[in-house]
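Each remark here refers to the structure printed beneath this line.
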Amino acid sequence: MGYGQSFVAVLVTSLASASFHGADGEASVLQKARALGVEISDCWAGDFNEQLCCRERWGLTGNPACWNEEFTYLRCCGLSALPRLPEEDAKWDEVLRTSPVEDAGEYDFIVVGAGSSGSVVAARLAASDGPDGEPWRVLLLDAGPWDQHEDLADPDQGPSASSGLWTDPIKAEWRFGTSKSSTWSYSTGRGLGGTAAVNSMIYTRGSISEYENFGWSPEEVLDAFKSLEAPMEAPGFTPQPGAHRPLAASESAQPHSVDKPGYHLTLVSATPDELPPLFRGLLKGFEAAGVPFRLDPHGSASIHGVGGTWRSMGCGHPKCQPTRVSRIRFARGRPRSTPYKTLVAPLNRTGGHFLQVAPHSTVERILFDGNRANGVEVSEGSGLGGHNLPRRRLRYKATREIVIAAGVFSSPKLLTLSGVAEPAELKRLSLPVVAASPSVSRHFQEHVGVSIVVGTNVDCPEGYHRTESGDGTHLGTTEQFIGQLYAFLNATDNTPGALGALDAEVMLLEGCLEEKLYLTFTIILLQSDTRGRLVVQSRNPFTAPHLDLQPLSHSRDIEVLADVIRTLYTKVLSSPAMSDFELGANPGIDVIADFQKLAQWIRANLYFYAHPTGTCRIQRDGAQGVVDSQLRVIGTKGLRVADASVLPLSPSGHSDAPSRLVGEMASRFIIRDTVSDNRREQQAPSEQLSVKLRGYSGVSMPLRGLGTNGFTGSDARDAVSRFLRLGGRMLDTALLYDNHQDVAAALAASGVPRGEVFLSSKVPPGEMGEEETYAAIQRAVSELGTYLDLVLIHWPSNFDDKTPVPACGRPPGGSWRMCRAAAWRGMERAHREGQVKSLGVSNFGVRHLTQLLDEPGRTLSVAVNQVELHPWWPQPALRKFCAGLRIALVAYGSLGGSLLGGATLRSPGVVRVAQKQGKSPAQVLLRWAVQQGVAVIPSSSSEKRIAQNFDVADFVLDDTDMELLSVGPQDRMRIYLPDPENAP
């Protein structure tokens, strides 16, 4: 940066000659700190000293030259300069004295904040189940009201001007050294949906690789984005493979189920041939500057390039898919698609989930038992904003975790009020220390920038950008823009496809002035080296924090902005492609050519874009932070932060999409931790040998059962009788086994109460179809003389060519997918009538499960998948898929079956583990599944073998055992054919 070097030299000269002593009579900061009893003897080393670091001109953040992890402004510069509002303390103390807190219930998870991040976390947790198969109880708290949410914001415009949709403004100091200081206001979205309910709906992922700085892999980040967004179908361009969630066959005509929701997006982007010559020339100019055109900013791992942008807009019904329009006006009428509306609201209307949304609820503080977060205290009502007392004060308890998603301003404030902050600041507020966290409220970052206005000799289109009075306007109304272009670049390296964070965005809008088109280039500094800080001014939770920021206090910030402006002038506007257009820019060339003048002009015209981050940042690579890479608050247990405040670097783009990503990642971390904790608990021999079926309250399936395939007549009756006498309580049969009456006779003769036995059966593929399946279940119930605890679709399609295809699968319009969907409807009908307690499938692969989960008519969960599973055929991909959806697995073929002549039982690894454990090879193979939470249904009529097969709960296989068991044939081996994965 040639111009920047001279600017740095000027700064160095100025610093060398400057006096760092305060005004006459001013007490030194050191003296003030000592008067407050703050120990600062370890602050100064080398050239660092109180005069350099703490002089009043630097404001609350301190001299940027002193910024490092050893220097903490509060500790080293004292507390006297920080704003303090003791009168607000007095108001709050009166509330505490006169308003006792009431117990209001217990939840598994409490999420604070219903904005973009909090809505994702709450929805994902509520849509999942705990290790016991029961839905998690989730409470979503928000300070905003029910009646001021995203539906009131005009989807065709930018941020709503309605005051009811915004929080009370946060007062901030904006300083430029001693020459300029001003107070400005900073508001965020108020109500369900948060800022996403009132913003301009621009949706940019950023560059995928930049999230490696957070400790997240690019692969999982991409997967998280794709899982949040609806399947991709955007007419007018072909989505890049792997960049978007694929659209399943015929999915465009179907709504999405609650299990796989995704918010809807609209790509507002014209192809070059759709643009007038002026805008085509600009694209060529950007290309000459190293910024290539790309239609889809999310089509690759890097957002580098110039083109349109995605907006979080849908079409107002669940069948809507992301689409492309060449002009924003063509998207008019599409509603906002926020995480609250798309992910949370459907769960409130769906059975089988436990999600409670509590608006008008301002969280006063997090409650702790030691350092474990276990509850929150809440003011319910309007609070102190209008000098009104809360209607009630409530206490909610959390048995698992609390997730703070209150935003960049409120999350650090809530941590501070709860005792998690710099100890000196907590002492200043008379608050106890729960965990010392010096980075809370620090490292505030913001996107700032300037706008360049360029006049042209191009006539305005007829009627373009006119007000009702006929006067010309500069920007006009947003639905009329011809060519909205967004360029993302690095000021010093514009290599196409560059990875990592980008440092600048150039946003182009156009309007009319004096009958000519005018272009406005808004240049946004994405990666600022400047940091600000928040200051909690009172113990009163309704008092806004104070924000202190010195924009451009690092010289590099001005250098980047200056370089982008000069690139725009010297490469884009001056390119041969723009030679036919007479251009006149403000500021003029005289300013651009003189760095001192340009820097002064930048300072005078700077403004902010409301993309704050960093106040609870992730701790990475030795730099202090508030949360770890899994968003757990360091120094506490059971507490996470999940919103834009955790981002250690500003995103390369607008911050709403990254906020949604944070919520998705938080929910994944929570679910993984819970599953991991549960897995560790299950390693003990005293583990519970049953699993609760997801979505079916009160239904538990034993992990040890008896398969009756191949047994009929007296063989079936004897096997079932022996199994029940030995304590077994799970019986698996099927219509194809032709033994229902035999099983029923043995069950009746056993004397075991029906309610103690888990009885399952299966509907064959030849009887698929809504009416056909319903009739098959009625026949099974009649033959068994009792209800079924579980009914399964036996196979995804016919497993031999001789069996007739049911009507639902016959051409021209039928298919096996249609058959499976119709069969499921018949099963749900039987469930509604009480003939069946739970539903599942058998021999379904990932593809078949995915299709069934996406069926619009399905309302009940797929609870079970019965498949071939053993150490020689472990099916890791299927197991992972089912685990993620809490689909319980039942393994058949656990002992290898007679087809192999006992080869699995004689395997050297199995024999070694059996000898070590003092168990039979069969017991070891069954334990392999049960220990992983997989049910087993071995078939045997021998009383001795039934007893052995049932006795697998009093030993544990260690990692060495599990590795030995997996040693079999060189190639993994399926025993039973045909392969259901190949079924259509």
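No lab work stands behind these numbers, since they all come straight from the coordinates. Keep in mind it's a predicted model, so treat the numbers as computed, not measured. Don't worry about glycine lacking a Cβ; one is built from the backbone with ideal geometry, like all the others, and counts go over all protein chains shown.
Amide H to amide H under 5 Å from A623: which residues, 5+ apart in sequence or cross-chain, H placed 1.01 Å off N in plane?
none
Sort 199-211, 657-669 for me by packing, meaning the mean count of neighbouring Cβ atoms within 10 Å per residue, highest on top.
Sorting 199-211, 657-669 by mean packing, highest first, produces 657-669, 199-211.
Sort 943-949, 860-866, 736-742 by packing, meaning the average of other beta carbons within 10 Å per residue, with the highest value first.
860-866, 736-742, 943-949
Test of understanding: ordering L552, L52 by Cβ neighbours within 10 Å, fewest first, what list do you get? All intermediate terms of the calculation are to be shown ahead of the outcome.
Numbers: L552 21, L52 17.
Starting with the residue having the fewest Cβ neighbours, the order is L52, L552.
Based on the mean of other Cβ atoms within 10 Å per residue, sort peptides 915-927, 272-284 so the most packed one is first.
Most protected by this proxy first, the peptides run 915-927, 272-284.
Can you pull the one-decimal nm distance between simple spin-label points at S227 and R620, each 7 Å off the Cα toward Cβ?
Inter-label distance under the simple model: 2.1 nm.
Quick one: which residues, 5 or more positions from K637 or on another chain, have an amide H under 5 Å from its amide H? H modelled 1.01 Å from N in the peptide plane, none for Pro or chain starts.
The answer is R372, A373.
Roughly how big is the range 902-982's charge dipole about its Cα centre, with Cβ charges of +1 (Lys, Arg) and -1 (Asp, Glu), in debye to the nearest 20?
That gives the range 902-982 a dipole magnitude of about 320 debye.
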